[in-house]
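The values are calculated or read from the model by the stated rules, or taken from the named source; none is laboratory data. These numbers come from a predicted model, not from an experiment. Don't worry about glycine lacking a Cβ; one is built from the backbone with ideal geometry, like all the others, and counts go over all protein chains shown.
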Amino acid sequence: MNKYSVSDSDVLEVLQINKLSTESIRKLPRSGQRQVFEVMFRNGQSSILKFIDVTPYNVYEDDISVDEFHQERAYEIDARSKRIVRELEAAKKCSVLPQLEILNGYKFYVKDQYHFIYYFETKFEGNTLNDSDVYRTDQGIEVVIDFLLQMVKQVKVMYDAGYIHRDLTPRNIIYHNGIFKIIDAGLIKTNEEEKLTGTKAIIGTPYYMAPEQERRTSDYTWDFRTDLFPLGLIAIEIFLPRTRHFGSDQIRDLHQVVSLWKKKDSSAKSITLFSKIITRLAAEQRHKRWSNLSELIIALEEISQ
């Protein structure tokens, strides 16, 4: 069964169900698990509408009965839905993330055999990082430092509230007038919630996900270091545009990256940033990454001076 692409007519149906009037609908690039729309209401308010697919696409054994098939499918939909709602509810408590609006909570939309959770959240001004001026034009180390400082501070706010994002990518970061903001909080999990997950689906974007996410175990305990890894890769992409076309193994090969880094900027400040910060963000082994966010912030502030 192929995955379903939510259409403008589906969005109009959802709006009609909720008795909402709109001036315009604009489909935005997909963000991880989400299909995203910007909705402009007649009162001038603009909001972001997101659909999360909870349809099971499992391939079942040939000898499974029709009743067993429907029972298993219903179980998967229920388990996925509970996990997503639990994570979205948890994200409400984190002040740096987009908050729910328009509707009172999350709702379900069924289209034929496809099942979705949908919700509205506040719109952050700007473009996703990969579609922003930061990616369109050449950047020096000052922009990289500023990016990392803002991101690490937000990761700290999330972690202090008990959450880990686990899917930080250029599409999940908004940039506007020098400000970087993390979005798509639905992937956030608490350490306690991780042990309650009803499905073993891997969460995250493979290209940017930390190695330990690929080796997930049922009792794995996440921490902020899982979010530091993609920040290291994204920082490299900001400074070295050619690495955006690298394969996953290439961009993680820091011996190759450092030679390109030095060719672009061999100043003491640049080399310190790479050797002291980047290598400890994008380290393959979790225990080699920064283990104290406050110390990391201080180190970045010292380099920025």
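In the range 47-62 there is no residue that is under 20 Å from residue 166 (Cα atoms), in contact (Cβ under 8 Å) with a residue 24 or more places away in the chain and of a type in the set (S, T, N, Q). Here 9, 21 are screened, and the one residue that is among the small types (Gly, Ala, Ser), modelled with pLDDT of 95 or more and exposed (fewer than 13 other Cβ atoms within 10 Å of the Cβ) is 9. Checking each residue in the range 250-276 for being in a helix (DSSP H, G or I) and under 18 Å from residue 168 (Cα atoms) picks out only 251. Among the conditions (1) assigned to a strand (DSSP E or B); (2) more than 30 Å from residue 234 (Cβ to Cβ), the only one that residue 105 does not satisfy is (1). For the range 73-118, the candidate set comprises residues that are surrounded by fewer than 18 Cβ atoms within 10 Å (Cβ to Cβ) and of a type in the set (Gly, Ala, Ser); within that set, the residue that is nearest to residue 21 (Cα to Cα) is 105. Residues in the range 152-170 that are more than 14 Å from the chain's Cα centre (by Cα), outside any helix (DSSP H, G or I) and buried (at least 16 other Cβ atoms within 10 Å of the Cβ): 161 alone.
Of all residues in the range 80-102, those being in a helix (DSSP H, G or I) and at pLDDT 90 or above number 3.
Flag not set for residue 188, criterion: hydrophobic (A, V, I, L, M, F, W, C), assigned by TED's automatic domain parsing to the domain that holds residue 240, at pLDDT 90 or above and buried (at least 17 other Cβ atoms within 10 Å of the Cβ).
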